[in-house]
Amino acid sequence: MAKATRTGAAKGSRNKKRYWRKGTQLEDVEKFLEEQRVDEQSGGRLNTRTDADLFAIDTTKVKGLPTLTRRQRVALAKTTAAAAPSTEEVDVKPKIRQSFPSKKKSKVVTNSSRPLRRSTRGDVDGKPVDFDLWNTDLSAKAALPDDLADYYLRQLKKKMPNEPRTVKHITTLLPKVEAPIPGASYNPSYKDHQDMLRESLVEEMKVQKDLEKVENRFKLAPGDRYITPYEKMAEEMSGLVKEEENPET
């Protein structure tokens, strides 16, 4: 460990005047005195002066400003009140008390704790009701004239509007969803898969025969060829352009 070196002030004895001259820093003292002198010239330090010396309230009236009406003053008061921060203290204790009800209050009887009463809706004089659900007309009815009752039930959504005649018309004989053949399933049996391949082969052979028929129909005789676009244009323009005569002939 390095040995600490002693400063010049610490080398001398502290009870000697030489030590106090070395240890005293006059720069801070001179700086403080200079600041105090500047403050005295400007009227003193700011923290010791009164508000009347520092600030002045302008009480002179400004000429030319329009006077506000009563309605404008009320509107201005509302806007300034809304812009000012709210300093109202909100007491949260009543809400906390409501969330934790007191035990002294009487207990409220819930629906689950009440004894279930026996339903007597289906009993008349202690006998079961003979009710035919399928042959009984359950449509809504109203004790009103026919035209008024129909309008009344339609407005209450108890009677649906009449369906158009074309709703149940069959527009096509094709099935809505074409079911795939068994051989095209995820894991078909061997027989179903072979049947599917056989049907696909028959369809492919039929397509090949149709293509051969078309090719044979447009097939040219030996030595013939198709007309070119230039020959076709020359044939169409024959007689329209006068050919130049050769003077030597």
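A short reminder: the numbers here are calculations on the coordinates, not readings from a lab. Please read these numbers as outputs of a predicted model, since none were measured by experiment. Cβ: placed from backbone, ideal geometry, glycine included. Neighbour counts: every protein chain shown.
Things worth noting here:
- Mean projected area (nm²) of the alpha-carbon convex hull when region 122-177 is viewed from all directions: 8.3 nm²
- Label-to-label distance, nm, for residues given as Ala75 and Arg49 (7 Å Cα→Cβ offset): 4.3 nm
- From the C-alpha gyration tensor of region 147-243, square roots of 5λ in Å: 61, 37, 10
- Net charge of neighbours whose Cβ lies under 13 Å from the Cβ of Asn216, counting Lys and Arg as +1 and Asp and Glu as -1: +1
- Ordered by the number of other Cβ atoms lying within 10 Å of each residue's own Cβ, fewest first, His169, His193 fall into the sequence His169, His193.
- Ranking of Trp134, Trp20 by count of other Cβ atoms within 10 Å, fewest first: Trp134, Trp20
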